[in-house]
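Novice: Quick one: the structure is below, questions incoming.
Quick note: the coordinates plus some simple rules give every number you see, no bench work behind them. These numbers come from a predicted model, not from an experiment. Note that each Cβ is placed from the backbone with ideal geometry, even for glycine, and that neighbours are counted across all protein chains shown.
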């Protein structure tokens, strides 16, 4: 994901201990714009066997306070796994129009059935 990209929230289930730090949370199936992408960490919500880092997102439509565990006073962001890129409906319909106009090879006639060399008469 990159800055300016439109994304859709696919997971808005936050654990209560985690959610209490946020002022604004994303809502499932709502569209947002990526404001910043950063390397995050899983310290606030560890998952057994998970990597120590994650890709974090800040969203243009949602502002939150600072992360209490970040010494640089970074704003609380969201794990990018909670979002999927928004499919551009206009671009897909334009592509479909182009595909409709493509010529298709003519249909070939099936081969005539040939008798097997040792077929019974």
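Novice: Calculate, for residue 38 and residue 8, the FRET efficiency according to 1/(1 + (r/R0)^6) with r their C-beta to C-beta distance and R0 25 Å; round to the nearest 0.05. Please report the intermediate quantities before stating the final value.
Specialist: On the way: r = 20 Å, r/R0 = 0.80.
Using R0 = 25 Å, I get an efficiency of 0.80.
Novice: Still on this structure: Set the Förster distance to 41 Å, then compute FRET efficiency between residue 22 and residue 87 from the Cβ-Cβ distance, nearest 0.05. Intermediate values should be presented prior to the final figure.
Specialist: Details: r = 27 Å, r/R0 = 0.66.
Using R0 = 41 Å, I get an efficiency of 0.90.
Novice: Sort 56-66, 27-37 by packing, meaning the average of other beta carbons within 10 Å per residue, with the highest value first.
Specialist: 56-66, 27-37
Novice: If you rank 14, 38 by fewest surrounding Cβ atoms within 10 Å, what's the result?
Specialist: Numbers: 14 16, 38 13.
Ordered by Cβ neighbours within 10 Å, fewest first: 38, 14.
Novice: In addition: Calculate the spin-label point distance for residue 72 paired with residue 15, positioning each point 7 Å from the Cα along the beta-carbon direction, and give it in nanometres.
Specialist: 2.5 nm
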